[in-house]
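The values are calculated or read from the model by the stated rules, or taken from the named source; none is laboratory data. What you see is a predicted model, and the numbers here were worked out from it, not measured in a lab. Note: ideal-geometry Cβ built from the backbone for every residue, glycine included; neighbour counts use all protein chains shown.
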Amino acid sequence: SQQGEEDPQALSIQEGENATMNCSYKTSINNLQWYRQNSGRGLVHLILIRSNEREKHSGRLRVTLDTSKKSSSLLITASRAADTASYFCATAHHQGAQKLVFGQGTRLTINP
Amino acid sequence: DGGITQSPKYLFRKEGQNVTLSCEQNLNHDAMYWYRQDPGQGLRLIYYSQIVNDFQKGDIAEGYSVSREKKESFPLTVTSAQKNPTAFYLCASSIVQGDQPQHFGDGTRLSIL
């Protein structure tokens, strides 16, 4: 299976702290994407990083990609209670149809 | 506002019954996708379509069927052959060319009566 793995499965931190989530995958990718899901809702796209990129920033989000280790990390800085959600990485292994393979997600809880 | 609309939000199925989940998008996207999400799990691909009148099986297509008669619509039928249909179903769409994210609806939660 190409299914990615995320680590940790659950993370609980205090508001204002940084949160780091990791994602590993098994086969070569075209790009890797991070999504956020609030409870009972659909997924919202956060950031996309291509296989030839090593780091990307978007606001308080920082994503890194290490293709030699087949891994990525998502850092959320200065966390807020509203960041409480599940975060998923998804890998695209071919160009074109954007068929994605999702990890099992990290459940992030920000305590006020 | 452009987006994806899934209906109904909640759906109940009786034994032996087929049910159809609706997904409509006004983003002018060529590609559409159906995923299944079980509690505490990631998404698994059921079917996807890159163009009208064409679709491909995903990883867990057994017990499901789809149609793509219009660009805007990609309904999913959960048939009686799907023995464990209780799950959260998510529809998504995307541009086909280049590296593009997927846009998701807010899901349909299907339960067994």
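A compact table of results
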| item | result |
| --- | --- |
| Filter pass, A:Ser72 being buried (at least 18 other Cβ atoms within 10 Å of the Cβ), assigned to a loop (DSSP other than H, G, I, E, B) and modelled with pLDDT of 95 or more | no |
| Region B:61-71: number of residues that are in a loop (DSSP other than H, G, I, E, B) and either exposed (fewer than 15 other Cβ atoms within 10 Å of the Cβ) or at pLDDT below 95 (or both) | 2 |
| B:Ala81 being more than 8 Å from chain A (Cβ to nearest Cβ), surrounded by 15 or more Cβ atoms within 10 Å (Cβ to Cβ) and on the phi < 0 side of the Ramachandran plot | no |
| The listed residue being part of a loop (DSSP other than H, G, I, E, B) and surrounded by 15 or more Cβ atoms within 10 Å (Cβ to Cβ), out of B:Pro101, B:Pro39 | B:Pro101 |
| Whichever residue in region A:34-49 is surrounded by fewer than 16 Cβ atoms within 10 Å (Cβ to Cβ) and small (Gly, Ala, Ser) and, among such residues, is nearest to the other protein chains (Cβ to nearest Cβ) | A:Gly40 |
